[in-house]
Amino acid sequence: MSQTPTTDHRLGFTSLEEETAVDSLPVAGALPAWLAGALVRVTPAKLEVGDRRLDHWFDGIAMLNRFGIAGGRVSYKSRFIDSVAYRDAQEGEWRHGGFATDPCRSLFKRVQSMFSPDVTDNPNVNLARIGERYIAMTETPLPIEFDAETLETVGHLEYTDKLKAHVTTAHPHHDPERDELVNYHAYFSRVSRYVLYGMPAGSSKRRVIAELPVKEPAYMHAFGMSGRHLILAEYPLRANPLKMAFAGKPFIQNYVWRPEEGTRFQVIDRETGALRGTYETDAFFCFHHVNAFEREGELVIDLIAYDDPSIIDALYLNADGPRGTIPSTELRRYVIDLDGGGVSWEKLADDVELPRIDYGRRNTRDYRYAYCSRSADAWFDQLVKVDVTDGSQSVWSAPGCHPGEPIFVRQPGTEAEDAGVVLSVVLDGPAGRSFLLALDARSFEELGRAEAPHHIPFGFHGQFLRA
Ligand code: CO
């Protein structure tokens, strides 16, 4: 590791080892008086274990960051999640594999771990509220519950059903009518399967909505939910579970890209669990769905598409940050003719990622605005508001600043889709620290910012928890 303090995006790939609590951060400008709650994010904050730099950004040890907001004042707190992976890391060990970092264990151990629960519990991707509980998640089915005020770890969420799973997503949906978390997981076996399930707010028992047998499961980071359907976009990045057990490779390296097979949308009826159809299109790769909704016999699916999965390779780490060049993306609108079977698409925006919408009111419905981060001239150097109805954009940027995921918070009692604020944790490279940025969602102009006492390593996702 270089000992030179960095003043650019590389600082965002520098470990943060200390846990902090500050009652009141310096605020420049003004946060709206109605804004009350906490922006909580989970971030891969520790990128070395022992003397070793972790191989991949997606393997960093999870820390929670909490910006508490009330009456225009902002507090800050950070705390590592007390996972098994964190305890191992404190001992300088990387014992349980992960996304792409090799635990260097024997073949026997690898085979054993593939078919046993000996997988990472490092929940560094996203968090969710389930009723009164809060969980942090990664892509193994081992979410960890935490206290959203103190950030203390409560413990693993123990499911009370008998479902077995190997991988899942850290991007569950919320079904407001049933008040349940909706997600999918894959079970690897001789006959593997995708399982779509709901878990009611007050329960730890998953309700199976649908099961789909699959020979070679695809790697899917998220999925879509419209009013009537659940949508798995199966990219042709697939693993053979039987080979996987013996290959001895880190998780993601078992997946093989076969673009000639194309991408398949598996569309499942939310009520009956029946497969409505399988719809094929040219190959693309994607992490994040944006939204999905029905429209006169058509299913509309908006997502962030890559030509191929080279983004995964690009995010392997060296001492400075990602090793590779970040490939371009397109915000695309796929339209499926549910009865005719045709799939068409159009581009809505270039080079955006980490999309958010007014989820509470617009998810599963036709909508107008997506908020994203963009890498224009450097690593995530813009926030972008995209009007998906006409492709027009508003952009925020500042010299030397690298904003993370923009999170929309609706102003209570308002109707307009963009009445509210957009919050983002921004790395200010020259200042050597991060700040919480609040933009007016309508004008996309800065309202205020609260300076964190140090840099916060780049992370993936977070949620605004209303007071
Ligand atoms: Co994600």
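One residue alone among Asp440, Asp428 is more than 16 Å from the ligand (Cβ to nearest atom), acidic (Asp, Glu) and under 19 Å from Phe380 (Cβ atoms), and that residue is Asp428.
When the stretch 156-178 is limited to residues that are of a type in the set (Ser, Thr, Tyr) and within 16 Å of the ligand (Cβ to nearest atom), the one that is farthest from Leu354 (Cα to Cα) turns out to be Thr168. Among residues of the stretch 84-95 that are of a type in the set (D, E, K, R), those with a beta-carbon under 8 Å from a residue that is at pLDDT below 90 and part of a loop (DSSP other than H, G, I, E, B) at least six positions away or on a different chain give the pairs Asp88/Trp94; Asp88/Arg95; Asp88/His96; Arg95/Pro103; Arg95/Arg105. Flag: Leu315 matches the condition of being within 16 Å of the ligand (Cβ to nearest atom) and of a type in the set (A, V, I, L, M). Pull up the stretch 184-213, narrow it to residues that are farther than 23 Å from Thr364 by Cα and crowded, with 19+ Cβ neighbours inside 10 Å, then point me to the one that is nearest to the chain's Cα centre (by Cα). Only one residue fits best here, namely Ala186.
Every test in (1) within 16 Å of the ligand (Cβ to nearest atom); (2) in contact with a Leu (Cβ under 9 Å, 6 or more places away or on another chain); (3) under 20 Å from Pro250 (Cα atoms) is passed by Glu139 save one, and that test is (2). Scan the stretch 40-86 for residues that are under 23 Å from Ser24 (Cα atoms) and not in a loop (DSSP other than H, G, I, E, B) and the total you get is 21.
Sort through Gly448, Gly462, Gly391 and tell me the only one that's within 16 Å of the ligand (Cβ to nearest atom) and out of contact with any Ser or Thr (no Cβ under 7 Å at 6 or more places or on another chain). Write out each step before concluding.
On the way: Gly448 fails: within 16 Å of the ligand (Cβ to nearest atom); Gly391 fails: within 16 Å of the ligand (Cβ to nearest atom).
The match here is Gly462.
The values are calculated or read from the model by the stated rules, or taken from the named source; none is laboratory data. What you are looking at is a predicted structure, and each value in this text was computed from that prediction instead of being measured. Using ideal geometry, Cβ is built from the backbone for each residue, glycine included, and neighbour counts are taken over all protein chains shown.
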